[in-house]
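A.B. asks: I am attaching a structure below and will ask some questions about it afterwards.
The values are calculated or read from the model by the stated rules, or taken from the named source; none is laboratory data. Here the structure is a predicted model, which is why all the values come from computation and not from measurement. Because the Cβ atoms are built from the backbone with ideal geometry, glycine has one as well, and the counts that use them run over all protein chains shown. Accessible surface is based on the protein model in full, side chains and every heavy atom, while ligands, DNA and RNA are left aside. Shrake-Rupley method; radii C 1.70, N 1.55, O 1.52, S 1.80 Å.
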Amino acid sequence: MAAKRTVEVELSTTGIGADGRPQRVPLVAGDTGGLALQAPPALEPELEGEHMLINIGPQHPATHGVLRLVLELDGETVVRCIPHIGYLHCGFEKIGEYRQYNQIIPWTDRDDYLNCVGNNIAFSLGAEMLFGIEITPRCTVLRVIGMELSRIISHLVWMGTTAIDIGAFTPFLWSFQERENVYNLLEGWVGARLTTSASRVGGMAADIPDGWLDGLKAFVRAFPKTLDECDRMLTKNAVWVGRTVGLGVMSPEEALNYGLSGPMLRASGVDYDVRKDFPYLDYETYDWEVPVGVHGDVYDRYLVRMEEMRQSVRIVEQAMARLPDGPVNVDDPRVILPPKHKATSEMESMIHHFKNVMEGPRPAIGESYVAVEAPKGEKGYYMVSDGSAKPVRWRIRPPSFVNLSAIPKMVEGHLLSDVIAINASIDIVMGEIDR
Amino acid sequence: MGLIDAPAPNVVSVEPAHSEGWITTRLDFLVNWGRANSLWPMPFGTACCAIEFMATAASKFDLARFGMERMGYSPRQADVLICAGRVPFKLAPVLRRIWQQMPQPKWAISMGACASTGGMFDNYAVVQGIDTIIPVDVYVPGCPPRPEALIHAIMMLQKKVMKDRMSDTAARMEMEPDPESQLYIPPSRIDALSQQFGNSIPQTRSGQ
Amino acid sequence: MSGFTVIRAGTAPDLPTPATPKRVPHRGGAANPSAEALKARFGDAIRRVDVVWGETSVTIDAAKVLDIVRWLHDDTSQSYEYLVDVTAVEFRDRALPIEVIWHLRSIKYRRFLRLKGLIEKGNPLSVPSVWAVYKGADWLERECYDMFGITFTGHPDLRRILLWEQYAEGFPLRKDFPLRGRFSRAEQLRQALSANPEARYSMEELSIADAFAELPLDMRERIKHGESTGE
């Protein structure tokens with residue numbers, strides 16, 4: 001097979017195009033001007049050779065977990081890509097059928113482990129739909145804060161690891177510094193750094209402690225500065241631009257057809273955000289924008305994610321300002337445990353406590369699909385109840401699973417080294433993909 | 001160089017009077033000292049624990065203080081395998097292969113409840129503890145362990161490395177179980193033994 | 001490089017401003033208008049329409065799903081351009097049929113629709129694939145096949161995705177599959193470890209790499225006898 005190959009070796013610097021977007025400009029040596037751009041004379045006939053099969057993963061630092069890609073290469077160009085997943089398949093959905101609703105929440109931490117709080121809250125929203133519970137105003141606002149913090153720390157990991165893949169180490173250190181600040185906040189709130197189990201059906205695991213909002217204010221004040229530093233470091237960096245612009249392009253129609261969601265879909269120019277279009281937790285009452293890219297490449301995905309972090313900060317600021325007083329948990333003994341002192345002193349509370357723990361709350365027969373805008377995309381929990389205390393079916397709609405399924409489409413025709421950048425831009429989490 | 005008092009074990013003795021820079025020590029101690037302070041990790045990160053491992057390697061906790069600056073990612077140039085995260089059956093042969101590719105001497109840290117025991121994933125898909133596949137030196141509890149816990153485990157491993165003896169080769173021997181030997185227990189017998197602890201086929205907890 | 005034209009959500013005229021649903025009734029409430037349109041278009045293939053917790057479920061004849069989905073996707077009065085999920089549900093009551101679920105979204109009309117196809121127990125677990133309409137269905141259907149054993153006819157490459165090709169225990173999310181698997185732990189581990197991680201190429205991949213005949217003779221001999229490489 002003598003396919004035509006071109007190996008593109010292009011030194012470049014960054015210029016700004018008419019639309020204000022960085023562009024690759026080839027370096028041209030001094031007086032020779034255009035001469036350098038002429039094709040060199042053919043010294044030998046087109047080489048013929050066999051395609052090569054190369055295997056990346058499942059244990060490879062650039063696959064962000066245990067993804068395995070089998071690539072068919074023609075020279076350095078990817079002709080075909082066959083992804084293999086399932087190396088982290090842990091049977092989440094099967095376990096969910098054997099657990100009560102509140103008991104499932106620790107598993108939601110561990111499916112997309114970069115977005116723990118967001119998953120807890122998404123699951124609780126789904127379960128509350130099944131139970132027909134309206135949560136309290138304070139809980140709604142606290143959940144918004146939790147979800148946006150969780151989006152920020154998820155995008156930070158994305159930025160840090162992608163920068164490492166593309167060759168910059170410093171953003172990784174900066175982003176983990178900021179993550180530690182959020183970890184401290186989460187630790188003060190629910191007692192855990194990473195796997196938080198922050199919410200319950202009908203409320204939260206805990207109200208925020210005294211003075212917690214001051215810590216959050218300090219974070220919200222300091223964090224945009226770090227973001228600006230990363231922005232200065234990457235956005236117009238010649239290496240960064242050269243390795244991201246024009247890679248893995250998905251057109252809006254293709255992106256929709258492949259079921260992409262989240263920043264992947266918005267970078268391709270589809271203005272769809274679950275928070276705007278199918279709102280939950282009163283997101284329609286906050287003032288924020290949905291960033292949309294128009295090129296659908298790795299660079300636009302980066303820009304969309306950076307802007308989303310800024311918008312998340314805006315939402316957190318508004319949520320802090322409007323946080324109402326009042327109870328966090330609903331006043332519903334079916335799902336919420338009575339306070340400890342009542343459970344040990346009042347007969348009725350003790351019965352509620354006993355029934356809640358031993359039998360578990362039972363929702364009505366029915367089903368619900370509740371989707372939230374997770375950092376990776378549309379994350380949905382679909383639960384089917386047959387009236388017993390455990391769901392018949394607990395389905396996780398994994399955004400990065402569907403996003404990853406488009407990777408053959410995105411990498412084919414690109415160079416091997418660009419596969420790493422494109423794969424990083426999908427922001428995969430194997431825990432969620434394989435479940 | 002005059003005779004000096006017999007040094008305490010594991011103390012490098014230097015005779016400062018002679019500027020030629022002689023030291024006397026036990027070879028074991030010197031080698032172990034070098035090894036323990038420059039362990040090259042091979043992070044086998046699969047799930048949530050890998051994120052805490054990354055936090056440990058990042059600026060606040062800084063694994064480089066323990067001579068672990070260099071992340072291996074290549075089993076052939078690594079000393080200590082840090083298995084961070086759950087290991088499903090589909091990944092089991094991969095982990096085994098990576099362990100076999102590491103040169104001797106080598107150590108393994110099992111980070112987190114899932115890697116150590118299967119943790120909360122007691123189901124059809126997950127290996128119930130990586131010590132059924134590879135030998136483990138240090139187990140770190142936690143789901144996921146805090147970075148401090150991982151650092152503690154690394155310090156424990158350093159202590160263990162310091163006690164290594166070159167003359168004792170038995171510690172580094174790797175054997176596949178021989179079905180002829182007296183020590184071999186067939187899988188069916190293991191099942192029968194572990195049945196009463198619920199670690200076997202019957203699963204009676206229904207979804208009611 | 002000029003950019004793409006942005007596709008805006010909710011561009012259809014006279015749409016209400018989206019708002020967080022409040023006080024959703026368990027049953028009843030306004031059904032998705034697409035349900036009526038489906039009834040008018042497909043008649044008998046639409047078995048029933050339920051509104052549960054504000055979400056419209058349309059039970060359809062599973063054999064017709066490709067036609068229905070194609071119409072929903074192409075018709076400009078529906079334009080369900082986004083496939084959210086393909087999954088299945090088996091109930092604890094073994095007599096109830098297995099449900100195959102398609103979740104669809106219309107970005108233009110901001111609508112959400114659930115299609116259900118019922119497969120009676122005893123019938124072959126087979127439904128048409130919607131891959132021809134939505135490329136995103138590829139992996140979702142493979143996963144559904146892997147977990148439930150439902151065959152999607154017309155799928156280009158229907159094989160296991162999360163578990164390995166030779167997985168012998170069955171389909172994990174079926175209700176007759178025990179939580180800890182059919183085999184004992186020791187047997188599961190033995191089967192897993194006896195697999196050669198490098199041998200898990202699909203036949204398709206092996207055909208790419210058919211350089212086997214060109215390897216040196218001794219290497220061919222060694223590989224033939226199953227010697228593992230790279231240790």
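A.B. asks: Residues of the range A:331-347 being closer than 24 Å to A:Glu134 by Cβ and exposed (fewer than 14 other Cβ atoms within 10 Å of the Cβ), which ones?
C.D. replies: Within the range A:331-347, the subset closer than 24 Å to A:Glu134 by Cβ is A:331-339, A:342.
The answer is A:Asp331, A:Pro339.
A.B. asks: Please specify each residue of the range A:314-330 satisfying the condition of being open to solvent by 10 Å² or more (accessible area, probe 1.4 Å) and touching an Asp or Glu at 6+ places or on another chain (Cβ under 8 Å). Spell out the reasoning first.
C.D. replies: First, pick out the residues of the range A:314-330 that are open to solvent by 10 Å² or more (accessible area, probe 1.4 Å): A:314, A:317-318, A:320-330.
Result: A:Arg314, A:Gln318, A:Val328, A:Val330.
A.B. asks: What are the residues in the range C:42-88 that are within 12 Å of chain A (Cβ to nearest Cβ), open to solvent by 40 Å² or more (accessible area, probe 1.4 Å) and part of a strand (DSSP E or B), if any?
C.D. replies: None; the set is empty.
A.B. asks: Out of curiosity, is B:Met162 surrounded by fewer than 21 Cβ atoms within 10 Å (Cβ to Cβ), out of contact with any Pro (no Cβ under 6 Å at 6 or more places or on another chain) and modelled with pLDDT of 90 or more? If you could, list the steps in order and put the result at the bottom.
C.D. replies: On the way: surrounded by fewer than 21 Cβ atoms within 10 Å (Cβ to Cβ): yes; out of contact with any Pro (no Cβ under 6 Å at 6 or more places or on another chain): yes; modelled with pLDDT of 90 or more: no.
Answer is no for this residue.
A.B. asks: Sticking with this structure for a sec: Among the residues of the range C:130-149, write down those that are at the interface with chain A (Cβ under 8 Å from one of its Cβ atoms), assigned to a loop (DSSP other than H, G, I, E, B) and open to solvent by 10 Å² or more (accessible area, probe 1.4 Å).
C.D. replies: C:Lys135
A.B. asks: Let me ask something additional. Of these, A:Val201, A:Val182, which one is touching a residue at least 12 places away in the same chain (Cβ under 8 Å) and either away from chain B (no Cβ under 13 Å) or closer than 20 Å to A:Met430 by Cβ (or both)?
C.D. replies: Values: A:Val182 fails: either away from chain B (no Cβ under 13 Å) or closer than 20 Å to A:Met430 by Cβ (or both).
Testing whether each residue is touching a residue at least 12 places away in the same chain (Cβ under 8 Å) and either away from chain B (no Cβ under 13 Å) or closer than 20 Å to A:Met430 by Cβ (or both) leaves just A:Val201.
A.B. asks: If a residue has to be out of contact with any strand residue (DSSP E or B) (no Cβ under 7 Å at 6 or more places or on another chain) and either assigned to a loop (DSSP other than H, G, I, E, B) or open to solvent by 10 Å² or more (accessible area, probe 1.4 Å) (or both) to count, how many in the range A:92-108 make the cut?
C.D. replies: Qualifying residue count, the range A:92-108: 6.
A.B. asks: Looking at the range A:289-306 only, could you name the residues that are more than 7 Å from chain C (Cβ to nearest Cβ), assigned to a loop (DSSP other than H, G, I, E, B) and closer than 22 Å to A:Lys409 by Cα? First the steps, then the outcome.
C.D. replies: We begin by selecting, within the range A:289-306, every residue more than 7 Å from chain C (Cβ to nearest Cβ); these are A:289-291, A:293, A:297-306.
Checking the rest, the ones that are also assigned to a loop (DSSP other than H, G, I, E, B) come to A:289-291, A:293, A:297.
Scanning the range A:289-306 gives A:Gly293, A:Asp297.
A.B. asks: A follow-up question, please. Kindly check whether there is at least one residue in the range A:233-247 that is within 23 Å of A:Glu373 (Cβ to Cβ) and open to solvent by 10 Å² or more (accessible area, probe 1.4 Å). Spell out how you get there, then give the answer.
C.D. replies: So in the range A:233-247, the residues within 23 Å of A:Glu373 (Cβ to Cβ) come out as none.
Looking for residues that are within 23 Å of A:Glu373 (Cβ to Cβ) and open to solvent by 10 Å² or more (accessible area, probe 1.4 Å), one finds none in the range A:233-247, hence no.
A.B. asks: So which of C:Arg159, C:Arg185 ends up being in contact (Cβ under 8 Å) with a residue 24 or more places away in the chain and either more than 7 Å from chain B (Cβ to nearest Cβ) or out of contact with any strand residue (DSSP E or B) (no Cβ under 7 Å at 6 or more places or on another chain) (or both)? Give the steps one after another, and end with the answer.
C.D. replies: Details: C:Arg185 fails: in contact (Cβ under 8 Å) with a residue 24 or more places away in the chain.
When all the criteria are applied, what remains is C:Arg159.
A.B. asks: Every residue in the range C:89-111 that is without any contact (Cβ under 8 Å) to a residue 40 or more places away in the chain, among the aliphatic types (A, V, I, L, M), at the interface with chain A (Cβ under 8 Å from one of its Cβ atoms) and not in a strand (DSSP E or B), please.
C.D. replies: Initially, the range C:89-111 is screened for residues without any contact (Cβ under 8 Å) to a residue 40 or more places away in the chain, giving C:89, C:93, C:95-97, C:99, C:101-105.
Still in the running and among the aliphatic types (A, V, I, L, M): C:89, C:95-96, C:101, C:104.
Filter once more, so that each one left must be at the interface with chain A (Cβ under 8 Å from one of its Cβ atoms): C:89, C:101.
Selection gives nothing.
A.B. asks: Tell me which residues, restricted to the range A:263-313, are closer than 18 Å to C:Glu81 by Cα, of a type in the set (A, V, I, L, M, F, W, C) and open to solvent by less than 20 Å² (accessible area, probe 1.4 Å).
C.D. replies: Within the range A:263-313, A:Met264, A:Leu265, A:Ala267, A:Val270, A:Val274 qualify.
A.B. asks: Sticking with this one: Looking at the range C:113-127, I want the residues that are over 22 Å from C:His103 (Cβ atoms) and have a partner that is in a loop (DSSP other than H, G, I, E, B) with Cβ atoms under 8 Å, at least 6 apart or on another chain. Which pairs are those?
C.D. replies: Note: pairs meeting the criteria are C:Glu120/C:Pro97; C:Lys121/C:Arg94; C:Lys121/C:Ala95; C:Lys121/C:Leu96; C:Lys121/C:Pro97.
A.B. asks: If I filter the range A:97-108 for residues that are within 25 Å of A:Ile336 (Cα to Cα), among the charged types (D, E, K, R) and away from chain C (no Cβ under 13 Å), do I get at least one hit? If you could, list the steps in order and put the result at the bottom.
C.D. replies: To start, the set of residues in the range A:97-108 that are within 25 Å of A:Ile336 (Cα to Cα) comprises A:97-108.
Filter once more, keeping what is among the charged types (D, E, K, R): A:97, A:99.
Those still in the list that are away from chain C (no Cβ under 13 Å) too: none.
No, there is no match, as no residue in the range A:97-108 is within 25 Å of A:Ile336 (Cα to Cα), among the charged types (D, E, K, R) and away from chain C (no Cβ under 13 Å).
A.B. asks: Right, here's the next one. Being farther than 30 Å from A:Val245 by Cβ, modelled with pLDDT of 90 or more, of a type in the set (D, E, K, R) and buried (at least 24 other Cβ atoms within 10 Å of the Cβ) is the requirement here; does A:Glu367 meet it? Explain how you work it out, then say what you get.
C.D. replies: Values: farther than 30 Å from A:Val245 by Cβ: yes; modelled with pLDDT of 90 or more: yes; of a type in the set (D, E, K, R): yes; buried (at least 24 other Cβ atoms within 10 Å of the Cβ): yes.
Criteria met by A:Glu367.
Listed here are the residues, each with its yes/no results for (1) farther than 27 Å from A:Gly262 by Cβ; (2) among the small types (Gly, Ala, Ser).
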{"position": "C:Arg41", "(1), (2)": "yes, no"}
{"position": "C:Ala62", "(1), (2)": "yes, yes"}
{"position": "C:Val69", "(1), (2)": "no, no"}
{"position": "C:Leu72", "(1), (2)": "no, no"}
{"position": "C:Lys108", "(1), (2)": "no, no"}
{"position": "C:Leu115", "(1), (2)": "no, no"}
{"position": "C:Val127", "(1), (2)": "yes, no"}
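A.B. asks: Quick one: which of B:Met68, B:Met54 is within 19 Å of A:Thr63 (Cα to Cα) and of a type outside the set (Lys, Arg)? Lay out the reasoning, then the answer.
C.D. replies: Numbers: B:Met68 fails: within 19 Å of A:Thr63 (Cα to Cα).
The match here is B:Met54.
A.B. asks: So which residues in the range B:34-69 are in contact (Cβ under 8 Å) with a residue 12 or more places away in the chain, more than 10 Å from every other protein chain (Cβ to nearest Cβ) and open to solvent by 10 Å² or more (accessible area, probe 1.4 Å), if there are any at all?
C.D. replies: B:Arg35, B:Asn37, B:Ser38, B:Trp40, B:Phe53, B:Phe66, B:Gly67 - these are the residues of the range B:34-69 that are in contact (Cβ under 8 Å) with a residue 12 or more places away in the chain, more than 10 Å from every other protein chain (Cβ to nearest Cβ) and open to solvent by 10 Å² or more (accessible area, probe 1.4 Å).
A.B. asks: Ok, one more. Would you pick out the residues in the range B:108-126 that are of a type outside the set (D, E, K, R) and either open to solvent by 10 Å² or more (accessible area, probe 1.4 Å) or within 12 Å of the chain's Cα centre (by Cα) (or both)?
C.D. replies: Taking the range B:108-126 first, the residues of a type outside the set (D, E, K, R) are B:108-121, B:123-126.
Across the range B:108-126, the qualifying residues are B:Ala108, B:Ile109, B:Ser110, B:Met111, B:Ala113, B:Cys114, B:Ala115, B:Ser116, B:Thr117, B:Gly119, B:Met120.
A.B. asks: For the range C:155-163, does any single residue satisfy the condition of being under 24 Å from B:Asp131 (Cβ atoms) and open to solvent by less than 30 Å² (accessible area, probe 1.4 Å)?
C.D. replies: Within the range C:155-163, one or more residues are under 24 Å from B:Asp131 (Cβ atoms) and open to solvent by less than 30 Å² (accessible area, probe 1.4 Å).
Conditions tested, residue by residue: (1) open to solvent by less than 10 Å² (accessible area, probe 1.4 Å); (2) over 17 Å from A:Leu216 (Cα atoms); (3) within 14 Å of chain C (Cβ to nearest Cβ); (4) assigned to a helix (DSSP H, G or I).
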{"position": "A:Met129", "(1), (2), (3), (4)": "no, yes, yes, yes"}
{"position": "A:Arg138", "(1), (2), (3), (4)": "no, no, no, yes"}
{"position": "A:Leu142", "(1), (2), (3), (4)": "yes, no, no, yes"}
{"position": "A:Glu148", "(1), (2), (3), (4)": "yes, no, no, yes"}
{"position": "A:Arg151", "(1), (2), (3), (4)": "yes, no, no, yes"}
{"position": "A:His155", "(1), (2), (3), (4)": "yes, yes, no, yes"}
{"position": "A:Trp158", "(1), (2), (3), (4)": "yes, yes, no, yes"}
{"position": "A:Ala163", "(1), (2), (3), (4)": "yes, yes, no, yes"}
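A.B. asks: For the range A:385-407, give me each residue that is of a type in the set (D, E, K, R) and open to solvent by less than 10 Å² (accessible area, probe 1.4 Å). Please lay out each step first, then the result.
C.D. replies: First pass over the range A:385-407, keeping only residues of a type in the set (D, E, K, R): A:386, A:390, A:393, A:395, A:397.
Of everything in the range A:385-407, those that are of a type in the set (D, E, K, R) and open to solvent by less than 10 Å² (accessible area, probe 1.4 Å) turn out to be A:Arg393, A:Arg395, A:Arg397.
A.B. asks: Restricting to the range A:206-225, what's the tally of residues that are crowded, with 18+ Cβ neighbours inside 10 Å and more than 22 Å from the chain's Cα centre (by Cα)?
C.D. replies: Final tally of qualifying residues: 1.
A.B. asks: Shifting gears a bit: Could you grab me the full set of residues in the range B:86-106 that are within 16 Å of B:Thr117 (Cα to Cα) and either among the acidic types (Asp, Glu) or more than 11 Å from chain C (Cβ to nearest Cβ) (or both)?
C.D. replies: From the range B:86-106, those within 16 Å of B:Thr117 (Cα to Cα) are B:86-89, B:91-92, B:95; that's our starting set.
B:Arg86, the sole residue that qualifies.
A.B. asks: Just checking, does the range A:348-356 include any residue being open to solvent by 10 Å² or more (accessible area, probe 1.4 Å), in contact with a helix residue (DSSP H, G or I) (Cβ under 6 Å, 6 or more places away or on another chain), closer than 30 Å to A:Arg221 by Cα and at pLDDT 85 or above?
C.D. replies: No, the range A:348-356 contains no residue that is open to solvent by 10 Å² or more (accessible area, probe 1.4 Å), in contact with a helix residue (DSSP H, G or I) (Cβ under 6 Å, 6 or more places away or on another chain), closer than 30 Å to A:Arg221 by Cα and at pLDDT 85 or above.
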